[in-house]
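Okay, here's the structure, questions in a sec.
Coordinate-derived values only; no laboratory data. The structure presented is a predicted model; accordingly, all values stated were derived computationally and were not measured. Cβ sites come from the backbone with ideal geometry, for glycine too, and all protein chains shown count toward neighbours.
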Amino acid sequence: MHFLLHQHWCILYTNSGGNSAATRSSVSQHQNSNSAVSCGVPQGSILGPLLFLIFMNDLPLVTKDTCTDMFADDSTIHTNGRTIDELERKLNNDLTKIDTWCDENQMAINVDKTKAMLVTTHQKAWRLPKQELDIKLKGKTLENVACEKLLGVHLDNRLNWATHIHQVAVKISRNLALLRRIKGFLPIHARKLFYFTHIQPYFDYCSTIWGKGSGMGKLVKLQRRVMRVMSDLPYDADPMPAFKKHNITPIMDRIDFRTACIVHRALLNDLPPYICDMFQYTRASRDRNTRFANSQCVKLPKLKLEIARQGLRHNGAEVYNNLDCCIRNANSIQAFKTAYMSKYFSQF
């Protein structure tokens, strides 16, 4: 079982030494007078985000039994345990420490926007004594949610990504309807530009994480429909020739491509350590000099749950190992992408 706690922060920081700062706004040729800033940073300032990140950098040092993930003003703490009591003990202890740290540094946690989520499998969920966690912050019990939007991704408590996939389909359907109305006024290159700017980004965003979730068939059909509309094809025509003509990759193949790129960059140590540590060559984990160990393959992790096999660590290794050696041997990410796509489109 895993636990996620999502926090939104407000009230930033004070100036060092107790000295106040001044701020001034400028629009075109007009400027207002200086205003004193005794605490925090004015919204919209260029230096504000950087100062906030520096100030928040010490937060992970406070927690002991949980891990902290931070992105700007969104912070998430998570832990795992065998029982509900163990989870509640770890989280309440560290949340108390975080609350104390915030008070000492003149920050405030928005309790109303702080949510708790218990992540587990369907099989384990029905054996639990209760389905919600009793987590308190400033004397208030945090709301338990089954799904929460975190950095643009809808995270559910079963990690099947069905909610997020549905939301992606809704957004793409809306833009597809717009494309239908305006395509008569657009040449083909403008239609492609519309696809790459208003449709493909929804397919791509974090797709290496949720791309193997349930309900992906909905997005596959939706993309094929987009290709028919963009190419003026009948509703029952095969869109595969249009994919090749416009150099557009079907969504499931594109997810494999983006996953393989992440693995290759990790093997080149071109990503943060926590991602690079997920992947290692088989030759680095074997004592014997075998043909398989020398084939530039990635070690497959031993996982028990099927849901874990859909994750980046296992799925990435599988996708990468299925590539030709000439692609895996690329000495840069650009060479890897070029070799991969050349091989892919040559198969049509």
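At a Förster distance of 25 Å, what's the computed FRET efficiency of CYS206 paired with ALA308, Cβ-Cβ distance as r, to 0.05? Could you put the intermediate results ahead of the total?
Details: r = 18 Å, r/R0 = 0.71.
Computed FRET efficiency for CYS206 and ALA308: 0.90.
For LYS136 and ASN105 in one chain, what is 0.36 nm times their gap in residues minus the Cα-Cα distance, to one decimal in nm? Walk me through the intermediate numbers first.
On the way: separation 31, 0.36 × 31 = 11.16 nm, distance 2.05 nm.
Gain on stretching LYS136 to ASN105: 9.1 nm.
So which aspartates and glutamates can LYS90 reach, going by Cα to Cα under 18 Å and dropping same-chain residues fewer than 8 places off?
Output for LYS90: ASP65, ASP69, ASP99, GLU132, ASP134, GLU143.
What residues of the range 92-121 lie in the reach of a label at LYS171, counting those whose backbone N is under 11 Å from a point 7 Å from the Cα along Cα→Cβ?
Under 11 Å, as judged by backbone N against the label point of LYS171, lies no residue of the range 92-121.
What FRET efficiency do you get for ASP73 and TYR274 if R0 is 30 Å and r is their Cβ-Cβ distance, rounded to the nearest 0.05?
Working from the Cβ atoms, E equals 0.90.
Under the rule of at least 5 residues apart or a separate chain, name every residue whose amide H is placed under 5 Å from the amide H of TRP161.
Placed amide hydrogens put ASP156 under 5 Å from TRP161.
Turning to a different aspect of this structure: Would you mind calculating the relative contact order of the range 65-209 from Cα pairs under 8 angstrom and at least 6 residues apart, reporting the percent as a whole number?
15 percent
While we're here: Which of the residue pairs LYS64/LYS304; LYS302/LYS337; LYS192/LYS343; LYS97/LYS140; LYS113/LYS218 have a Cα-Cα distance greater than 20 Å in the structure shown?
LYS64/LYS304; LYS302/LYS337; LYS192/LYS343; LYS113/LYS218
Shape of the range 122-242 from its Cα gyration tensor (a ≥ b ≥ c, root eigenvalues): rounded if a/c is under 1.5, otherwise prolate when a/b > b/c, or oblate?
Taking the square roots of the gyration eigenvalues as a ≥ b ≥ c, the range 122-242 is prolate.
Between THR197 and ASN329, what length comes free when the chain is fully extended (0.36 nm per residue of separation minus the Cα-Cα distance, one decimal in nm)?
44.3 nm
Specify the inter-centroid distance of the range 177-242 and the range 109-168, based on alpha-carbon positions, in whole Å.
32 Å
Something else: Can you give the FRET efficiency for LYS218 and ALA190, using 1/(1 + (r/R0)^6), R0 = 35 Å, r = Cβ-Cβ distance, to the nearest 0.05?
Efficiency at R0 = 35 Å is approximately 0.80.
Now for a separate question. Report ³J(HN,Hα) in whole Hz for each residue of the range 337-342, in order, from the Karplus equation J = 6.51 cos²θ - 1.76 cosθ + 1.60 where θ = phi - 60°; Gly and Pro get x.
Along the range 337-342, the couplings run 5, 4, 5, 5, 5, 4 Hz.
Quote to one decimal, in nm, the extra length available between LEU128 and TYR344 on full extension: 0.36 nm per residue of separation minus the C-alpha distance between them.
The LEU128-TYR344 span can extend by a further 73.1 nm.
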